[in-house]
C-alpha cells in the first residue's frame, strides 16, 4: 500500500509568491532519496496563520489520511512563528523526543539551534513533525529523526515504508 | 523510616494474564539491588486505560503515601499508549529532565528511542517517573536517572533512601 | 538604543532579608562582563509565590519593556518551587531548547541536574529565561545559552546587543 505524506510549507512570503518555496522542495527531494516503497505527496504552501496551519494539518490527517505530515517554517521566536502552537493544538499526544533530538543535532552546527521551537505529535493515526525552515537544516534534522519514523508508523498500523539503506539507515526493533 | 515505592505495570496483555509481567518484576529486582535502606513495594498490573492509570497513581500517592511511583509500559506511539497523558493529568508540576535524559540514554542503543514519550512529575509529595516497557531498557533508564532520585525525595521531605554504592552512585549536593 | 534587562530573584529567604541575594548579583555581574552595548537593569527580589512571580514578570515585560527577563531560584522539586509554572502561565509561546541545553550543561557537573525544571518562553516581545539558583550554576547555564540570545532578540525586533567576544561568543546567522 502506498504511503501518503503531507508536506506543509509555512511561510508568509512563499505563500504570497514573494519567493520560491525551496524548503518544501528540499523535503520532497529528500524523501524521494530515502524511500523505495511507493509514496504520494500532498503538498501545500500556506501563510503563518495559526488557524490555517491547523486546518491544513487536520485536512491532511483526517481527510487525506496522510500517515506522516511534515512542516517547514514558523518554528522560531519571531512574532509570526506559530507552527509549534498549531501542532500542539491539533495533536492528541505529543512526541517530545523529536524536537529534543533535532535541536541537539542542530546544536552541533549553530548555538542558535536552541531558538527552534520544533515539536512533533500524533493526531489519531498521523505523525506530525515540525522541521526547520532552511534547506540545509531540514536535511540535517531529517537525517537525525527519520531512522525512527517507519517503525513509528508500523506501530500506528500505517503502510510499510521501505528505505534505501545506502541513503538512510532505518531501524525496526525485532518483535519480542 | 521505611520508603514506600509504587510500581505500576501498564499493559493490556499482562493485566489480562496473556503473559507474565516481566517488566514490573525487573523494576522490583533493580530497586532491591540499589536500596540498602528499608522499603516496601506497592505493586499493581493494570490495563492501558487512562482513567485506571490515573486512579492508580492517585491512590498510591494520596492514600498509600508512596514517595516514589514508577510506571512501565504505555509510553510509545501505539493507539493504546497513554501513560504520559495520565501522568501529566495527575501531576501538579512536571520534571522534563527525566524524560530528556532517559531518551538520550536509550539513543545510545537504538534510534527509535525518540518514540518514547516518557515523562515525570510531582503530585503533592510524590515523584512519578515513567520507565520504558522492556526490561533491558528499564535498567538502562533507571541507572541513568536514579542517582538524582534520593536527593529529590530529600527536598520533598520524604524518607531518606540509602543505596549500595557498589551498584549505583547516588548524588546529594552538599548544603550551602 | 539601550537594552532593558529584568533580573528576578525568587527566594523566600532572600526576600525576607534572611540572607543576601548572591544569585541576582551574580547575574548582574555576568551580564556586565558580557555586554559592551548599553543596558539597564530592573532588579527585584521576591518570595516564592506564584502570583507575585507572574505579576513581576508581566510588569517587567509589559510596562517596563524589558527585552530579556531572567529569573533565579524556584526551579527545583521543593514544595515552594513554582517559577517554571509562573513562567508558563505568563508566556504565549514556549522555548523548550533553553531548559534542555541548561540541564544538559549542568549534567556534566552533577547528576541532580535533571531535577531542575527550568524553562523559557516568550511573552509578547520579551524573552523570559529561568536560571538555576546557585551562582556557580548560573554562570555555567548563562555561558551555554547566552550565545543565542542576542539573535533571538534581533528576531523579536528588540535593541541590538553587542557582547565582548573575549568573554562570550555570540552567534548571529548571516541573512539569507
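Descriptive notes on the structure:
- Between helix B:96-107 and chain B: long-axis angle, C-alpha atoms, 0 to 90°, nearest 10: 70
- Kirkwood-type hydrodynamic radius, the range C:95-169: 13.1 Å, calculated from all non-identical alpha-carbon pairs.
- Cβ nearest the rotation axis (C onto B), residue from chain C and distance to the nearest whole Å: C:100, 3
- The C-alpha atoms of chain C define a longest principal axis, and helix C:135-145 lies at about 40 degrees to it.
- Between the helical axis of A:22-34 and the longest alpha-carbon principal axis of chain A there is an angle of about 10 degrees.
- When shorter helices are ignored and each DSSP H run of at least 4 residues is given -39500 (n - 2.57), the per-residue value for chain B at 222 nm works out to -10500 deg cm²/dmol.
- By the Kirkwood approach, averaging reciprocal distances over each pair of separate Cα atoms, chain C gets a hydrodynamic radius of 16.1 Å.
- Sorted shortest first, the separations between the residue C:89 label point and its copies elsewhere in the assembly read 2.4, 2.4 nm; each point sits 7 Å from Cα along the Cα-to-Cβ line.
- For the range B:3-155, the relative contact order is 26 percent, taking Cα pairs closer than 8 Å that sit 6 or more residues apart in sequence and dividing their mean separation by the residue count.
- Max mean-square fluctuation residue, GNM over chain B, Cα-Cα springs under 10 Å, options B:141, B:163, B:66: B:163
- Taking chain C as a Gaussian network of alpha-carbon nodes connected by springs under 10 Å, the highest mean-square fluctuation of the residues C:145, C:129, C:18 belongs to C:18.
- The range A:26-102 - Rg and Dmax from Cα coordinates, angstrom: 13.3, 39
- Cα centroid separation - the range A:105-126 against the range B:103-176, whole Å: 24
- Nm distances between copies for residue B:16, ranked from closest, using label points 7 Å along Cα→Cβ: 5.6, 5.6
- For the protein assembly as shown, the C-alpha radius of gyration sits at 0.98 times the compact-globule guess of 2.2 N^0.38 Å, with N the residue count.
- Neighbour counts of other Cβ atoms within 10 Å put A:160, A:146 in the fewest-to-most order A:160, A:146.
- Each of A:87, A:112 has some number of other Cβ atoms within 10 Å of its Cβ, and from fewest to most they run A:112, A:87.
- Inter-copy label distances at residue C:37 (7 Å, Cα→Cβ; nm, one decimal): 5.0, 5.0
Any read-out appearing in this document is the output of simple, stated calculations on the displayed coordinates, not a laboratory observation. Nothing here was measured: the structure is a model prediction, and the numbers come from that model. Every residue, glycine as well, gets a Cβ built from its backbone with ideal geometry; the counts of neighbours run over all protein chains shown.
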